[in-house]
Each structure stands twice: as structure tokens, then as C-alpha cells.
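In what follows, a single structure is set out as C-alpha cells and then discussed.
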């Protein structure tokens, strides 16, 4: 919606990438057009919109720190020593050693462009895992949401001609939790917000929390074509929503 932005250049900067002198909308901005029930529940659980934005921004900052540490480790470098995310990073290091994940520098934080469908994005990594070559996407969210399949399918289609052996995609969720030593409930602290998930048993009157530890979830999603068809539908809706702006910048 053009009125949300002061200039065409601001719209372009917020919503896409300039690649070789050509502007392309960003994959994550396109996917944002989809309704996000989990995000709505989050805003319903805070005092007001301002508090929600504060928590969201702090969570994003923490997520960026994890991503930067993960990128350094994938490239064989020493990550910054940040005690706040150390449990998550240690779990990630243990995980990649166990899975024997291989990447090369050119394929980490890789900018990709789909010229046929006219969009661009940044892939966390193109990786070799368990004898397969695929897209590896790192998340620091509370869960692996289905929305991520739209995003990773867009990367798969953009890369399928560049990597003839590309066959799958993985989502790796990296988090930190504490566990109650009595009832098994899980506590997550992110963005200054505490979330406690019961373990199906009667909750304690007073929890006894363990030390913070990393929590890894890893899922493979090899069949991406149907997700990509849905992504193209989302892109069409995003273009409709932003038609005025896209015409002003010459995209439509």
C-alpha cells in the first residue's frame, strides 16, 4: 500500500532487493501477506500494541544474534561470545557435528533471484546433509510453522537450475528452554516474555526450573512443488495489495 511509504525508493528498500540494477520483491515480504494466527495470538496476549512491538523487536534482535553465530559456525569461524544465547549455540554446534553438515562460503547467506517469476531472497545455506543437497533454513521461533514451507519452496525454485542435484529442504529451529524438575513443564524466555508449556501432568504450585538449555528441532520437507504453487498465489495477492506502489516503481 503506497500510502504507507513516503517515497518509491523507501518502498523498494523495505520490500525488495536491487540485483544488477533490477528491483525484485523479497520472498519474506511476499509471504507476509498470509494470515499468521500465531502472531495474532501473541498480540492478544500482551497489554497493548506498543508492548507487542517492543517484545517483537527484542525477539528479532535475539534471533539475529543467533543467526549471526550460526553463520559464523557454518563458515568455520568463532562466533561472538554472547552468554544470553550460549545454550542455543552449544546445541547447534553439537547438532551439526552429529549430522555432519557441510556448506561452502559461497552458499551461506546466499542471495538468489528467480528471473522467471521475478522475486529474490536470501537463503541461510545450501547444505549437504545425510547424502542430500538442499536448502537449510534456520529459525528461532517457538515452533516450525507451515508458513516456512512457502518461503523455502521459493528458494528451491530459484535454485533448481543452478544446483542440478538440489533435492530437498530442511528447517532447523534453534531455541532455548528450561524444564521444571517436578512436573516437566517447559519455560521459554524470549523478548522479555515468559511462556510456560505444561507437560500434560498437573502443574506444580511452584516450579523448579533447570538451567537454560538449547532446544533443537529439525524437519525435512522434500516435496516442495505444491508449496511453491501456493507461494505464487501469495505473490499474486501481494502484488494486488501493493499494485499502486508497484506501478509507480515500474514493476507492474
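The values are calculated or read from the model by the stated rules, or taken from the named source; none is laboratory data. What you see is a predicted model; the values in this text were computed from it and never measured. Positions of Cβ are backbone-derived with ideal geometry, glycine not excepted, and every protein chain shown enters the neighbour counts.
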Please specify each residue of segment 223-252 satisfying the condition of being in contact with a helix residue (DSSP H, G or I) (Cβ under 6 Å, 6 or more places away or on another chain) and surrounded by fewer than 14 Cβ atoms within 10 Å (Cβ to Cβ). 244, 252
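So, residue 232, is that one touching a residue at least 24 places away in the same chain (Cβ under 8 Å) and closer than 13 Å to residue 134 by Cβ or not?
Details: touching a residue at least 24 places away in the same chain (Cβ under 8 Å): yes; closer than 13 Å to residue 134 by Cβ: no.
Judged against the criteria, residue 232 is not a match.
Residue by residue through segment 182-196, note down the ones that are surrounded by fewer than 12 Cβ atoms within 10 Å (Cβ to Cβ) and either in contact with a strand residue (DSSP E or B) (Cβ under 7 Å, 6 or more places away or on another chain) or over 27 Å from residue 139 (Cβ atoms) (or both).
194
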Can you find, within segment 202-222, the residue that is modelled with the lowest pLDDT among those that are more than 26 Å from residue 70 (Cβ to Cβ) and either under 20 Å from the mean Cα position of the chain (by Cα) or loosely packed, with under 13 Cβ neighbours inside 10 Å (or both)? 202
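Determine, yes or no, whether residue 69 is without any contact (Cβ under 8 Å) to a residue 24 or more places away in the chain, in contact with a helix residue (DSSP H, G or I) (Cβ under 9 Å, 6 or more places away or on another chain) and buried (at least 21 other Cβ atoms within 10 Å of the Cβ).
Numbers: without any contact (Cβ under 8 Å) to a residue 24 or more places away in the chain: yes; in contact with a helix residue (DSSP H, G or I) (Cβ under 9 Å, 6 or more places away or on another chain): yes; buried (at least 21 other Cβ atoms within 10 Å of the Cβ): yes.
Spelling it out, residue 69 is indeed without any contact (Cβ under 8 Å) to a residue 24 or more places away in the chain, in contact with a helix residue (DSSP H, G or I) (Cβ under 9 Å, 6 or more places away or on another chain) and buried (at least 21 other Cβ atoms within 10 Å of the Cβ).
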Of residues in segment 223-252 being part of a loop (DSSP other than H, G, I, E, B) and under 27 Å from residue 7 (Cα atoms), the one nearest to the chain's Cα centre (by Cα): 242
